[in-house]
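What follows is a set of notes on a single structure, which appears directly below.
The values are calculated or read from the model by the stated rules, or taken from the named source; none is laboratory data. Nothing here was measured: the structure is a model prediction, and the numbers come from that model. In this analysis, Cβ positions are derived from the backbone assuming ideal geometry, glycine residues included, and neighbour counts consider all displayed protein chains. Quick note on the areas: whole protein, heavy atoms, side chains included, nothing else; ligands and nucleic acids left out. Shrake-Rupley method; radii C 1.70, N 1.55, O 1.52, S 1.80 Å.
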Amino acid sequence: MFSTAFLDIPALAGASGTVRLPGSKSISNRVLLLAALASGTTTVHDLLDSDDTRVMLDALRALGCGIDAAGSTLRITGIGGQLKPGGPMLPLFLGNAGTAMRPLTAALSLLGGEFELSGVPRMHERPIGDLVDALTQLGCRIDYLGNPGYPPLRIRPVDHGALVLDAPIRVRGDVSSQFLTALLLALPLAARKDIVIEVVGELISKPYIEITLNLLARFGIAVQREGWERFTIPAGSRYSSPGDIHVEADASSASYFIALGAIATGASGQDSIRIEGVGADSIQGDIRFIEAARQMGAQVDSGPNWLDVRRGAWPLKAIDLDANHIPDAAMTLAVMALYADGPSTLRNIASWRVKETDRIDAMANELRKLGATVDSGPDFIRVHPLERPGWQAASIRTYDDHRVAMCFSLAAFNPAGLPVRILEPHCVAKTFPDYFETLFSVAQAPEVPVICIDGPTASGKGTLAAEVARLLGYHYLDSGSLYRVTGLAMRRAGLSAEPQHEAQIAALAAALPLHFTEGKVLLAGEDVSDEIRTEAAGMDASRVSTLPAVRAALLALQQRFRQLPGLVADGRDMGTVIFPDAALKVFLTASAAQRAERRHKQLISKGISTTLDSLRSDLEARDARDSSRSVAPLKPAQDARHLDNSQLSIEQSIDQVLNWWQEKQPFKPA
Ligand SMILES: Nc1ncnc2c1ncn2[C@@H]1O[C@H](COP(=O)(O)OP(=O)(O)OP(=O)(O)O)[C@@H](O)[C@H]1O
Ligand SMILES: Nc1ccn([C@@H]2O[C@H](COP(=O)(O)O)[C@@H](O)[C@H]2O)c(=O)n1
């Protein structure tokens, strides 16, 4: 996951390949609650691992469920519909997870304990009054701890004998379908008699109710339905675990990759995006996004648990759609509309206004930043397409809303070749923590940005480059480590850095079984991180690096590090030879005295004893060899910015490089 303050997505030109998507949030949290209420153990496969499922799991653990996780499989032992009596009041924090807050409010009101449910500030602005009213009719005891109609809530125990089950429970269906879902999931706890729920107003997001009914049936509860107005939970209903249950991949998350297939062509101009884990026969309502995508021109094939999407009509065809049945996925259509042949209108989407943020306003604001003309009203949005000259580079605000972040990544396919900046990209953790990594695994960029930091020994290149990479969410290449490992491999093979061994050393370099993982350097699985950091290893590296065949052997390996979203590379010839087209080249220097002193401190702190004088003469010898060799000598690239950090702190050097980088970006401040 990208934990950076922002993520710059370079202009993307194509996409093709296979993605496997995380489990559905809606199914995951429903299954978790049902498994928790059932008796026995349920093994849940392919569960979504995200912020919203984590808060649900924390709550269920606090209620006394046994939870055992191994990879994407989780075993949950339920409480059999009953809490241990006499427990203390339980405070439960539910973040911004509506799929946890609403059903838990209903279930906990009937379970008999005392609870306080709260969430992030936005959760305290998301209405829950209609659900609380319905539960209160039944006799449940729920108090508002803040504003009436909104969390946080205090729930008190209730005697099941006192529940009013004779009259139908009336609940509004036109604000959020989660209220009805919450009642359907929880009321079997009280089904001494038939319990009837009547929906007041036109029920929105009906497909989510289908998921609820489908999963209740998997857990042994056969709800009777009369249209979308009346639901009966039969007397004597009891949750029974199905044993094993598989969570489909998230159909709402699939929408970004369906859109990707519709917008982008592959490198060969004809490849597709294959999505694994969900097919057109999914039980999730958002799978009907496929119909809308087809209407806009996408070619979608499907089979058991897979989809295959490729570009059909281009530009996409504008649509006018009642999107009430796909409220979450429809946000993706609003960005696809930028690539259409006329204005597209999404109607009947008032529920967008009470989601993670006011999504109608959020989408309209951010689409306008890209240059689009957008009209919006209480329950609709109309997006006009953008012509090539109209596109603007924009910093997209994400409003702590995962879907805003994900759908705006598609703007990186703009024909103007502009990058897109996504602010606070970590908000995708709500449902799809690795969204951007997954996108980058199939996307192609004409130009992946590179920042090169070259300079002499111990000038601080590695420290600076690693930190700049971390702050930008870029990959990092420590090219010196490749020469150091080659030097080590040479020693172990009994060779020396002489011309007569050049071909053999180059062959070793070309086939290094090298892995970089969690800051460690592994050679054929052995951790050699410390061994290659000694001054002797530095000298060996400096010697092998003079051999032209060795440098040639390592060229392609270094260039393969250039991957989305970008790379920071440090070494001696990053800007001159390996990445001559890099967008920013920095030549970092410091006085020999300063560098020797820094290296001395560095080695002493690692418990390696050495003297300042020997270090200084070693590094000067190394610099002399690196600068005077015939191939790729150490020297500033013609277009490099010079940074002497003798008098600068590490933070000042980082700020300087980030400022130079920002100067090159086309984004206006957010
Ligand atoms: N601006 C700075 N001020 C003070 N110390 C610094 C500065 N930059 C780096 N250092 C320190 O100098 C030491 C050497 O830095 P680093 O290992 O990053 O250098 P390098 O140029 O990558 O070295 P090498 O060429 O051997 O790979 C580290 O201990 C680091 O913390
Ligand atoms: N691009 C590079 C990087 C390094 N070298 C040589 O390797 C030696 C070790 O590098 P460190 O950055 O880890 O100190 C260095 O002295 C160079 O001789 C290189 O040639 N090109």
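Some values worked out for this structure:
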{"item": "Karplus 3J(HN,Hα) series, Hz, for the range 131-143 with 6.51 cos²θ - 1.76 cosθ + 1.60 (x for Gly, Pro)", "result": "6, 4, 4, 5, 6, 5, 3, 6, x, 5, 10, 10, 10"}
{"item": "The range 586-628-the range 1-29 distance, computed between alpha-carbon centres (Å)", "result": "43"}
{"item": "Amide hydrogen neighbours beyond the local backbone of Lys585, cut-off 5 Å, H modeled", "result": "Cys452, Arg641"}
{"item": "Helix 51-63 axis, angle to the chain major axis (alpha carbon atoms, nearest 10°)", "result": "60"}
{"item": "Cα gyration tensor, the range 25-246 - rounded (a/c under 1.5), prolate or oblate", "result": "rounded"}
{"item": "Sequence-distant residues sharing a close amide H with Val521 (under 5 Å, placed H)", "result": "Val528, Ser529"}
{"item": "With Cα atoms, 0 to 90° folded angle of helix 206-218 axis to the chain main axis", "result": "80"}
{"item": "Portion, in percent, of the accessible area of the range 25-246 that falls on carbon or sulfur, probe 1.4 Å", "result": "48"}
{"item": "Environment charge of Ser653, counting only residues whose C-beta is closer than 11 Å and scoring Lys/Arg +1, Asp/Glu -1", "result": "-3"}
{"item": "Angle between the chain longest axis and helix 251-263 axis [Cα atoms, degrees, rounded to 10]", "result": "50"}
{"item": "Percent antiparallel among DSSP beta bridges (both partners in the chain, rounded to 5)", "result": "55"}
{"item": "Tensor-based shape of the chain (alpha-carbon gyration tensor, a/c under 1.5 rounded, otherwise prolate or oblate)", "result": "prolate"}
{"item": "Relative contact order [Cα under 8 Å, 6+ residues apart], the chain, whole percent", "result": "14"}
{"item": "Accessible area per residue in Å² at 1.4 Å probe, computed on the range 53-113", "result": "40"}
{"item": "Relative contact order of the range 25-246, defined on C-alpha pairs under 8 angstrom at six or more residues apart (%)", "result": "21"}
{"item": "Ellipticity estimate at 222 nm from DSSP helix runs (n ≥ 4, -39,500 (n - 2.57)) divided over the chain, nearest 500", "result": "-10500 deg cm²/dmol"}
{"item": "Karplus-derived HN-Hα couplings along the range 510-523 (A = 6.51, B = -1.76, C = 1.60, θ = phi - 60°), whole Hz, x at Gly and Pro", "result": "5, 10, 4, x, 10, 9, 10, 8, 6, x, 10, 10, 10, 10"}
{"item": "Alpha-carbon centroid distance for the pair the range 110-144 / the range 487-561, whole angstrom", "result": "63"}
{"item": "Per residue accessible area of the range 475-564, 1.4 Å probe, in Å²", "result": "47"}
{"item": "Karplus-derived HN-Hα couplings along the range 650-657 (A = 6.51, B = -1.76, C = 1.60, θ = phi - 60°), whole Hz, x at Gly and Pro", "result": "4, 4, 5, 5, 4, 4, 4, 5"}
{"item": "Interchain or long-range residues, amide H under 5 Å from Gly571's placed H", "result": "Ile453, Asp454, Gly455"}
{"item": "Inter-centroid distance (Cα atoms) of the range 340-390 relative to the range 408-427, Å", "result": "16"}
{"item": "Sorted peptide list for 652-664, 571-583, criterion being average Cβ within 10 angstrom, highest first", "result": "571-583, 652-664"}
{"item": "Cα gyration tensor, the range 475-564 - rounded (a/c under 1.5), prolate or oblate", "result": "oblate"}
